[in-house]
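Engineer: Mind looking over this structure? Questions follow.
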């Protein structure tokens, strides 16, 4: 019995010894052999750094109106290893996030410690998630993380100037890209420590050294709306493939508006095509045609090659130069230099430029700013194309006289017209006024100016361009109450294999007003208008006229001549949407009666006004009344009521008619 007890005791001692040895060896492994590895692993689980991105700076128009802002939203994340019932959680979230159960289930079963389920939730979705009964909080599976989301209040307004920032706040187009460094502040870095009960403490490691800054543009949001409204109308009425327009202050070079069509909606930028994203006015090259004749004539006048009253025989609209025939759109006999511009005679312009040496001509073209970048603060600008004289063909000199064999941008052509409006001085185009931070606005110094032509030459060109509007191809650009100068252009589009199209044109019109003291320069270019009218004086001049008319009224520029009947055709009174687009001009409240709340507030916002709403339904009354003056940033009170059934049908019908014009 004693022997059996001793044996059992020996076995017990041996077992305890073996277990103790195993435990000791395991402890030796964990603490000595692999101690450093486990300490590093524990350190990684207990402590980690976290960066919180700075709120991106805003992009503002010249009056402080917001074109791009960052708003704080909540993003939903999950720690998959903490989710007790992934399938049930996926079903709850699928209804709120509008994502399939399978997609969510895959994320909830991920082996990653942290997974985003949905970034940048709107307030309604956030509230629905909080009410779904999911475990949310620091010690739970789900949580919300505050993040900054880029928001573009104007939608597609000024899209090609403002640009776009990605979901992670990186600028990829426009000012967002060009001023990405200024707009993006430094992140704030924290050390996060987690204890055994999953409690967290946060310690600041590095505060941001650079705060985000706002970029203040020279763009005026109201003028931008006017330009985009007229481009949209022109696209519908002419069937053009694309269009561009610019409004500039000739005394400073600051752009007041720049727009292109087609255009992307910044709120759905990821779905836009390359053509919708392209800033055509800055990156697209085209042959300017007859609008370029003012530059050609400047070379002749500046060098004393001709006088304005000198006459040339224009061969009744056809002239042969070797094996090439030059044509005018209508036959002319003898024309003075002044009338060659007014009638836009190619033949007359060729004969004028025969008196100017090729190198002198090219030097003048370059002096106007062609064949080089303007330096505008927008990405992707093209410098244009202009061959050196050594590579000119026998016809290059003559072709350049009326705007062929040169590639220009709409921005360059606008800047060239601004030279004439600016008494012969070039003020390089700019679109940024300055940078604003907590200390205030730091304005950029103006770009250096330089003289291109003498004031005398500029005034002679202005006088001839005014006659283009009063007596020539630009009559449709006339603006009641103001002296307007301009020049039309109708350029055949160059074919890829050489030569020019007989059916596709670049129709353009550019000019300035008032002639005696120019406040603005405007340029309109329509790519491939369709229909019976395709010439610049027919399709682009009316667009120019409407833009300049509304812009001068908005800027409160005093009228310089007695009002004359407007040459613009009236809008059909049965088209409610067309009447709305005409509005009552900037600075005056449009007629909003009969519109839905969404339509009315959209129109007010586009013109820089705020809305105060009473009731529901459609707009039945407003204050101020339609046509009354209201300063930008003012508030219009809308009274809404439910329409009777017949009236409701009438409103929907009118809206539908406008949608398919």
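Engineer: Does residue 559 satisfy being over 23 Å from residue 279 (Cβ atoms) and outside the structural domain of residue 230 (by TED's automatic domain parsing)?
Structural biologist: Here the answer is yes, as residue 559 does meet what is asked.
Engineer: Same structure, new question: Whether any residue in region 43-50 is assigned to a strand (DSSP E or B) and at pLDDT 85 or above is what I want to check.
Structural biologist: no
Engineer: Here's something else I'd like to know. Cβ-Cβ under 7 Å, sequence separation 6+ or interchain: first residue in region 598-618 and in the same structural domain as residue 230 (by TED's automatic domain parsing) and over 18 Å from residue 223 (Cα atoms), partner outside any strand (DSSP E or B) and modelled with pLDDT of 75 or more. Which pairs?
Structural biologist: Close Cβ pairs satisfying both conditions: none exist.
Engineer: Related question: Quick one: would you say residue 312 is in the same structural domain as residue 399 (by TED's automatic domain parsing), over 24 Å from the mean Cα position of the chain (by Cα) and buried (at least 21 other Cβ atoms within 10 Å of the Cβ)?
Structural biologist: In short, yes.
Engineer: How do the helices (runs of 4 or more DSSP H) wholly within region 545-661 filter down when requiring 2 or more residues that are at pLDDT 70 or above: which remain?
Structural biologist: 597-606
Engineer: Please enumerate the residues belonging to region 476-510 that are outside any strand (DSSP E or B) and within 31 Å of the chain's Cα centre (by Cα).
Structural biologist: Within region 476-510, 476, 477, 478, 479, 480, 482, 483, 484, 495, 496 meet the criteria.
Engineer: Restrict the check to region 426-444 and report whether at least one residue is at negative phi, at pLDDT 95 or above and part of a helix (DSSP H, G or I).
Structural biologist: No; the residues of region 426-444 include none that is at negative phi, at pLDDT 95 or above and part of a helix (DSSP H, G or I).
Engineer: Does any residue of region 455-467 turn out to be over 25 Å from residue 555 (Cα atoms), in a helix (DSSP H, G or I) and without any contact (Cβ under 8 Å) to a residue 60 or more places away in the chain?
Structural biologist: yes
Engineer: Mind telling me which of the residues 473, 414 ends up being part of a loop (DSSP other than H, G, I, E, B), in the same structural domain as residue 382 (by TED's automatic domain parsing), touching a residue at least 60 places away in the same chain (Cβ under 8 Å) and in contact with a strand residue (DSSP E or B) (Cβ under 6 Å, 6 or more places away or on another chain)?
Structural biologist: Sole residue among the options that is part of a loop (DSSP other than H, G, I, E, B), in the same structural domain as residue 382 (by TED's automatic domain parsing), touching a residue at least 60 places away in the same chain (Cβ under 8 Å) and in contact with a strand residue (DSSP E or B) (Cβ under 6 Å, 6 or more places away or on another chain): 473.
Engineer: Could you say which residue among 362, 391 is crowded, with 18+ Cβ neighbours inside 10 Å, within 26 Å of residue 491 (Cα to Cα), without any contact (Cβ under 8 Å) to a residue 40 or more places away in the chain and in the same structural domain as residue 319 (by TED's automatic domain parsing)?
Structural biologist: On inspection, the qualifying residue turns out to be 362.
Engineer: Still on this structure: I'd like to verify a number: residues in region 272-320 that are assigned to a strand (DSSP E or B) and either within 21 Å of residue 486 (Cα to Cα) or in contact with a helix residue (DSSP H, G or I) (Cβ under 9 Å, 6 or more places away or on another chain) (or both), how many?
Structural biologist: Here the count works out to 6.
Engineer: Hey, could you check region 102-130 for residues that are assigned to a loop (DSSP other than H, G, I, E, B) and at pLDDT 80 or above and say which is surrounded by the most Cβ atoms within 10 Å (Cβ to Cβ)?
Structural biologist: 110
Engineer: Looking at (1) at pLDDT 80 or above; (2) under 30 Å from residue 438 (Cβ atoms); (3) assigned to a loop (DSSP other than H, G, I, E, B), which is the one condition that is false for residue 144?
Structural biologist: Single failed check for residue 144: (3).
The values are calculated or read from the model by the stated rules, or taken from the named source; none is laboratory data. Quantities reported herein were computed from a predicted structural model and do not represent experimental measurements. All Cβ positions, glycine included, derive from the backbone under ideal geometry; neighbour counts span all protein chains shown.
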